[in-house]
1. Which one is nearest to residue 159 (Cα to Cα) among residues in region 174-200 that are exposed (fewer than 12 other Cβ atoms within 10 Å of the Cβ) and at pLDDT below 90?
2. Given the residues 122, 159, which is the only one that is farther than 27 Å from residue 194 by Cβ, crowded, with 22+ Cβ neighbours inside 10 Å and either under 12 Å from the mean Cα position of the chain (by Cα) or at pLDDT 95 or above (or both)?
3. Could you say which residue among 56, 1 is outside any strand (DSSP E or B) and open to solvent by 90 Å² or more (accessible area, probe 1.4 Å)?
4. Which condition does residue 180 not pass, out of (1) of a type in the set (A, V, I, L, M, F, W, C); (2) more than 22 Å from residue 149 (Cβ to Cβ); (3) without any contact (Cβ under 8 Å) to a residue 24 or more places away in the chain, if it passes all the others?
5. Can you tell me which of 94, 127 is at positive phi, in contact (Cβ under 8 Å) with a residue 24 or more places away in the chain and open to solvent by less than 10 Å² (accessible area, probe 1.4 Å)?
6. Test residue 81 against the stated conditions and say whether it is hydroxyl-bearing (Ser, Thr, Tyr), within 20 Å of the chain's Cα centre (by Cα) and assigned to a loop (DSSP other than H, G, I, E, B).
7. Of the conditions (1) on the phi > 0 side of the Ramachandran plot; (2) surrounded by fewer than 20 Cβ atoms within 10 Å (Cβ to Cβ), residue 111 satisfies every one except a single condition; which number is it?
Amino acid sequence: LNNQIRSFKLKRGYMVTFAIGTGGWGYSRCFIADQEDLEFATLPNILDHRISSYRLFKWHNAHKAGLASNGDYTANQALNTSWCYDWAQGNANNMPDTEWVPNHIYEDWPSSSTCGSVTGSCHMKTNNEPGNSADDHPQDVATVLGNWENLMRTGMRLCSESSHDGSMNHLKAFIDSIDARGWRCDILDLHCYWASGTFNSLTWYSDNYGKGRPIWISEWIWGASWNKNG
């Protein structure tokens, strides 16, 4: 089937990532059949007769409630979460109730191959607040980009580097660089330690930082020490 695929039908409850290079390299794109079967009688030109590899995942429709920094099954059941993550690769132990998302925290730990081996999620969190100089492993945009193709080739649906209130320019430079290269970043990952009224402008953040990408708020709090009166 190398360079022969021109159409496909994806059954409901699955996600597939097609890549034009072998082993997941090169341009790639995710397709999701979340509510019903998805059928493409004609592929976009960039994929038509050009697909050399693909990876198929189960898709789990997540709702808003999730738990950061804790994959414990009992805790997630008590909070009725549909997703969680910790500071490692996670696993499939909480399925089918809770999707335990692998977390590629910095270059290169956990490694792209370790995170990519996870079967309990089709998503990957990436690079925790690399623009935050107070974080354990601050990294510049070039360092994050230097490993990005390895993350892409896992076929997982990739979050952006996560934001930090004091380094939003870092996130913008990252997204701009991804788009300039034609690479894949599927979700804008925001850490929102904001006053409550600020959440009315999430569409603005999606448009101006994510270029229209969907948002995952993977950390948030109202009443942090610097905005508790907000």
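1. Once the filter is applied, the top-ranked residue is 200.
2. Details: 159 fails: farther than 27 Å from residue 194 by Cβ.
So the residue among 122, 159 that is farther than 27 Å from residue 194 by Cβ, crowded, with 22+ Cβ neighbours inside 10 Å and either under 12 Å from the mean Cα position of the chain (by Cα) or at pLDDT 95 or above (or both) is 122.
3. Result: 1 is the single residue among 56, 1 that is outside any strand (DSSP E or B) and open to solvent by 90 Å² or more (accessible area, probe 1.4 Å).
4. (2) is the only condition that residue 180 fails.
5. Details: 94 fails: at positive phi.
From the options 94, 127, the qualifying one is 127.
6. On the way: hydroxyl-bearing (Ser, Thr, Tyr): yes; within 20 Å of the chain's Cα centre (by Cα): yes; assigned to a loop (DSSP other than H, G, I, E, B): yes.
Yes, satisfied.
7. Single failed check for residue 111: (1).
The values are calculated or read from the model by the stated rules, or taken from the named source; none is laboratory data. On a predicted model such as this, the values are computed, not experimentally measured, just so you know. Positions of Cβ are generated from backbone atoms using ideal geometry, with glycine treated the same way; all protein chains shown enter the neighbour counts. When the accessible area is computed, the model is the full protein with side chains, heavy atoms only, and any ligands, DNA or RNA have been set aside. Shrake-Rupley method; radii C 1.70, N 1.55, O 1.52, S 1.80 Å.
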